[in-house]
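Chemist: Below is the structure I would like to discuss, written out as structure tokens.
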Amino acid sequence: MGGHVGGEEAHEAQPLFETEVSKGTKLAYRVYAVTVLIGICSIWVYRSMNIPTAEEKGRWAWIGMFMAELWFGFYWIITQSVRWNVTHRYTFKDRLINRYGDKLPAVDIFVCTADPTMEPPTMVISTVLSVMSYNYPPDKLSVYLSDDGGSEFTFHALLEASRFSKHWIPFCKKFSVEPRSPLAYFAQNSKPEDPKVAKEWLAIKKLYEEMKCRIESAIEKGCISKDIRDQHKGFSEWNSEVTKQDHQPIVQILIDRRNPDAVDDDGHQLPTLVYVAREKRPQFPHNFKAGSMNSLIRVSSEISNAPIILNVDCDMYSNNSDAIKEALCFFMDKERGHMISYVQYPQSYDNITKNDIYSNVSSAVHKIELRGMDGWDGALFCGTGCFHRRESLCGLKFSKNYRGELNSLFNTTKDSSVHDMEQGSKVLASCSYEKGTQWGKEMGLVYGCLVEDIITGLTIQCRGWKPVYYNPERTAFLGVAPNTLDISLVQHKRWCEGMFQIFLSKYCPFTYGYDKIKLGAQTGYCLYLLWAPNSIALLYYLIIPSICLLHGIPLFPEVSSLWFLPFAYVYAARNACGIAEALACGDTLKAWWNSQRMWYFRRTTSYLFAFIDTITRQLGFSQSAFSITAKVVDDDVLERYEEGTMEFGTSSVMFTIIATLSLLNFFGFTAGILKIIWGYGFAEGLTVQIGLCLVVVVINLPVYQALFLRDDNGRIPSSVVFKSLVLASLACLIPVY
Ligand SMILES: O=c1ccn([C@@H]2O[C@H](COP(=O)(O)OP(=O)(O)O[C@H]3O[C@H](CO)[C@@H](O)[C@H](O)[C@H]3O)[C@@H](O)[C@H]2O)c(=O)[nH]1
Ligand SMILES: [Mn+2]
């Protein structure tokens, strides 16, 4: 007997997850890092020892180079931490199921959407359907859609989805369908062979297509017909006065899981489904996504109040129906579960082309850096695909006595009627509710920052919690990545601006996080928070050496000099390491090359504008707004994306910068070559500059093509061609001191 009990206990004590620090490449990496550091220091020594005298030309240019290299070096040093301690996490789902059976906690799922044209309702409800059909007891699930667009088309689509879910959920469970977003599922799968399955498959596909048709035709017509309006009381919320920016709070419970009639085709309960459009008034700032998440936190507390919250963006459908159980392995672990505030899955996309032309995947970031942050207990909250403990999200500080039992804490079944719940929730979703409260400061997501996710994650960590980054074999969520250059650069500008803003604010990890999070996490954060100032150093490095080349002023040691070695070594070693990492993460060589181009584009445009805007805002000149990333583009744009042709098309200022820099470096390179041909020889010390220009030219090949050779709509518009030619020519004339 005793033995048996002991066995049970041992079984109980087994951990639900494990953390492993990767050892294999650690030593190699450290050796590499030390050698690069020696190289960087040598470069600094060289720069400081060889500053041109006041009489020589190029003294200031030289000092500028020194500054840029100082910056690059410091940035490199503080950002080493994310590669120092890379960890992996493993979960044991079977143990969780064995131990807890059906006694699992309730989960509230938040989906955010903000604009029915940029985020089509059919896409939004596919995401909703995918999270409604998780392999998880439906009587423990509640799904909330926050519609910042306040659109009756989105409401209509959700109403349709609530009906379709009755067929879709049993179909998914019966055939273990993956992924459970109908949009993605039907796009990826063709009719099954088995005739019996095929029959059901065709039937459900037909239902799906009919639903899609109804949703889209309502949008096309531009109004909801009386027929449809009569189907649900919720439509009465929309009248001629309701606009996106100005409307009353709307909360509609479309499925109430307590209702005995809310069952699917197989007679199983359905998860609760709620539509929320928080109140919007022009005179009240709505705080973008952070505001909508905070409304959802409150509204859900009135309706289901689950202890665990999953939040996803409207394009991020669930790709793994077991993701909830896997995330719970962290929260439910006996030993360490109570310390965990959130479990972040990586952001992955389902529209990536083979060589990932806009470098959306960033494998090295997901497979190395974010795991490295996790190694310092500093896993970032990335805004989507994240499971939260409601209490830690709502501002609770972790304390030694906190046990955080997820099952007993919350009363998840309320007795109030649907009508009472809706009325109660409306108050919580009103503009004035937050006045004088800690919402947006100590509670919920933090306001006032363009990357509400990163800053919120940081504050949670500083309250003593230990978040987790979990990157399992099967991708848990898939979203839509930007598929034009413009969209991608604008997105990065927003991120970069938000991050730099954090660095300059009271939330700077070095001060705010001092003594609260590990030093490795503090510096790790700065890898991202300091993207913006990188742009200045890089721009200097791209402009001045080529101008000096045109003027015949050397800024680097000659190839024959010993001082050339540290430059060559740092450059070669860093790229070799980058390639090795990319290949180890499963990228192609071409994808790595594309990522270098995007690295360069982002730093010279997005980060520059982010830098300027952050500084002007800091001085109080401007306000920043969250520009939503478009998720749909025209067909011919999409075609070029799929071919891997870079899309310019618009006359954005960013493209003028890109084109100007490419031309300037081309001029520099040509001038350098001509100098050699006309017999000035190598001895002048310009070889490295010629080489630098050459690298820039090669990376810019698609830009020259778009400037001069292409004739499709994605080429660089002629106004930009003209502007950049003028600017580059003027730059050649800039005198150098
Ligand atoms: O006023 C707003 C603006 C946006 N959103 C939603 O926020 C999500 C993210 O917006 P998106 O335009 O797709 O931005 P991304 O650049 O793709 O978002 C990344 O970066 C954001 C921070 O800048 C994070 O919030 C996101 O989770 C993360 O995916 C979308 O579901 C939007 O519907 C709102 O709900 N209200
Ligand atoms: Mn997005």
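The values are calculated or read from the model by the stated rules, or taken from the named source; none is laboratory data. Please read these numbers as outputs of a predicted model, since none were measured by experiment. All Cβ positions, even for glycine, are placed from backbone atoms using ideal geometry, and neighbour counts span all protein chains on display. Heavy atoms of the whole protein, side chains included, go into the accessibility calculation; ligands, DNA and RNA do not. Shrake-Rupley method; radii C 1.70, N 1.55, O 1.52, S 1.80 Å.
Chemist: For segment 120-188 and segment 659-737, compute the distance between their C-alpha centroids and round to whole Å.
Modeler: So the separation of the two Cα centres works out to 51 Å.
Chemist: Is segment 624-682 rounded, prolate or oblate when judged by the Cα gyration tensor, a ≥ b ≥ c being the square roots of its eigenvalues, rounded requiring a/c under 1.5 and prolate requiring a/b larger than b/c?
Modeler: Cα axes put segment 624-682 in the prolate bin.
Chemist: Could I ask something else about it? Taking 0.36 nm per residue of separation and subtracting the Cα-Cα distance, what length does fully extending E558 through K23 add?
Modeler: Extra length available between E558 and K23 comes to 188.6 nm.
Chemist: For the chain, what is the mean residue ellipticity at 222 nm derived from helices alone (per DSSP H run of n ≥ 4: -39500 (n - 2.57); sum divided by total residues; nearest 500 deg cm²/dmol)?
Modeler: -16000 deg cm²/dmol
Chemist: To the nearest 10 square angstrom, what accessible area does C496 show with a 1.4 Å probe?
Modeler: Looks like 0 Å² after rounding.
Chemist: Given +1 on the Cβ of Lys and Arg, -1 on the Cβ of Asp and Glu, and no further charges, what dipole in debye does segment 165-280 carry about its Cα centre, rounded to the nearest 20?
Modeler: For segment 165-280, the charge dipole is close to 120 debye.
Chemist: Pull out the extension gain between N239 and V197, defined as 0.36 nm times the separation in residues minus the alpha carbon to alpha carbon distance; nm, one decimal.
Modeler: Gain on extension, N239 to V197, equals 10.6 nm.
Chemist: Accessible area per residue for segment 184-336 in Å², computed with a 1.4 Å probe and the full protein assembly in place, what is it?
Modeler: So segment 184-336 comes to 45 Å² accessible per residue, rounded to a whole number.
Chemist: Right, something else. For a protection proxy built on the mean count of beta-carbon atoms within 10 angstrom, sort 385-391, 649-655 highest first, please.
Modeler: My ranking of the peptides, most packed first, is 385-391, 649-655.
Chemist: Determine the order of S362, S300 by accessible area, beginning with the largest, at a probe radius of 1.4 Å.
Modeler: Order by accessible area, largest first: S362, S300.
Chemist: Would you mind working out the accessible area per residue for segment 376-524, using a 1.4 Å probe, and quoting it in Å²?
Modeler: Result: 40 Å² of accessible area for each residue.
Chemist: Additional query: Quick one: with all protein chains in place, what share of the accessible area of the chain is carbon or sulfur, to the nearest percent (1.4 Å probe)?
Modeler: 60 percent
Chemist: I want to check the label-to-label distance for N713 and D636. Put each point 7 Å from Cα in the C-beta direction and report it in nm to one decimal.
Modeler: 0.5 nm
Chemist: Pull out the extension gain between A13 and K205, defined as 0.36 nm times the separation in residues minus the alpha carbon to alpha carbon distance; nm, one decimal.
Modeler: That pair, A13 and K205, stretches by 64.5 nm at full extension.
Chemist: Using the structure shown, select from K191/K244; K140/K334; K173/K367 the pairs with a Cα to Cα distance greater than 29 angstrom.
Modeler: K191/K244; K173/K367, as the Cα separations exceed 29 Å there.
Chemist: Something else now. Using the beta-carbon distance between L694 and H88 and R0 = 35 Å, what value does 1/(1 + (r/R0)^6) give for FRET efficiency, to the nearest 0.05?
Modeler: 0.30
Chemist: Cut-off 13 Å, label point 7 angstrom out along Cα-to-Cβ of I97: give me the residues of segment 314-330 whose amide nitrogen falls inside.
Modeler: Counting backbone N atoms under 13 Å from the label point, the list is 321-326.
Chemist: Suppose each label sits 7 Å from its Cα in the direction of the beta carbon; what would the Q283-S505 distance come out to in nanometres?
Modeler: So the label points at Q283 and S505 sit 2.6 nm apart.
Chemist: For the charge dipole of the chain, defined by +1 on Lys and Arg C-beta atoms and -1 on Asp and Glu C-beta atoms about the Cα centroid, which residue among H167, Y569, Y342 has the Cα displaced farthest towards the positive pole?
Modeler: Y569
Chemist: A further question follows. Of all DSSP beta bridges located in the chain, what percent are antiparallel, nearest 5?
Modeler: Counting only bridges with both partners in the chain, antiparallel ones make up about 50 percent.
Chemist: Aspartates and glutamates within cross-link reach of K226: Cα-Cα under 20 Å, excluding same-chain residues under 8 positions apart?
Modeler: Of all the aspartates and glutamates, those that pass the test against K226 - Cα under 20 Å, at least 8 places apart if same chain - are E152, E160, E210, E216, E237, E241.
Chemist: With the cut-off at 1.5 for a/c, could you classify segment 557-617 from its C-alpha gyration tensor as rounded, prolate or oblate?
Modeler: Oblate.
Chemist: When the Cα centres of segment 281-297 and segment 522-536 are compared, how far apart do they sit, in Å?
Modeler: 28 Å
Chemist: Estimate the FRET efficiency between S432 and R463 by the formula 1/(1 + (r/R0)^6), using the beta-carbon distance for r and 25 Å for R0, to the nearest 0.05.
Modeler: In this case the efficiency is close to 0.35.
Chemist: Counting alpha carbon pairs within less than 8 Å and at least 6 residues apart, what relative contact order, in whole percent, applies to segment 173-309?
Modeler: Answer for segment 173-309 is 14 percent.
Chemist: In whole Å, what are the Cα extents of segment 121-231 along the three principal axes, biggest one first?
Modeler: Result for segment 121-231: principal-axis Cα extents of 42, 31, 23 Å.
Chemist: Sticking with this structure for a sec: Between K518 and V34, what is the FRET efficiency for a Förster distance of 25 Å, r being their Cβ-Cβ separation, to the nearest 0.05?
Modeler: Rounded to the nearest 0.05, the efficiency is 0.70.
Chemist: Near I517, within a Cβ-to-Cβ distance under 11 Å, what is the net charge of the other residues, with Lys and Arg +1 and Asp and Glu -1?
Modeler: Summing Lys/Arg as +1 and Asp/Glu as -1 gives +2.
Chemist: Where a ≥ b ≥ c are the square roots of the eigenvalues of the C-alpha gyration tensor, would you call segment 465-544 rounded, which needs a/c under 1.5, or, failing that, prolate if a/b is larger than b/c, or oblate?
Modeler: oblate
Chemist: How large is the charge dipole for segment 259-406, taken about the Cα centre, if only the Cβ atoms of Lys, Arg (+1) and Asp, Glu (-1) carry charge, to the nearest 20 debye?
Modeler: Approximately 780 debye in magnitude.
Chemist: While we're on this one: At 1.4 Å probe radius, can you tell me the per residue accessible area of segment 566-615 in Å²?
Modeler: For segment 566-615, the per-residue accessible area is 42 Å².
Chemist: Let me ask another. Which helices pass in the chain if a helix is a full DSSP H run, must span at least 27 angstrom along its long axis by Cα, and must have mean Kyte-Doolittle hydropathy not below 0.0?
Modeler: Taking the DSSP H segments of the chain (at least 27 Å long, mean hydropathy at least 0.0), we get 26-49, 59-78, 485-504, 531-551, 564-584, 653-677.
Chemist: If you don't mind, there's one more thing I want to ask. Quick one: if you stick a label point 7 Å off each Cα along the C-beta vector at L733 and W599, how many nm between them?
Modeler: The answer from the label model is 3.6 nm.
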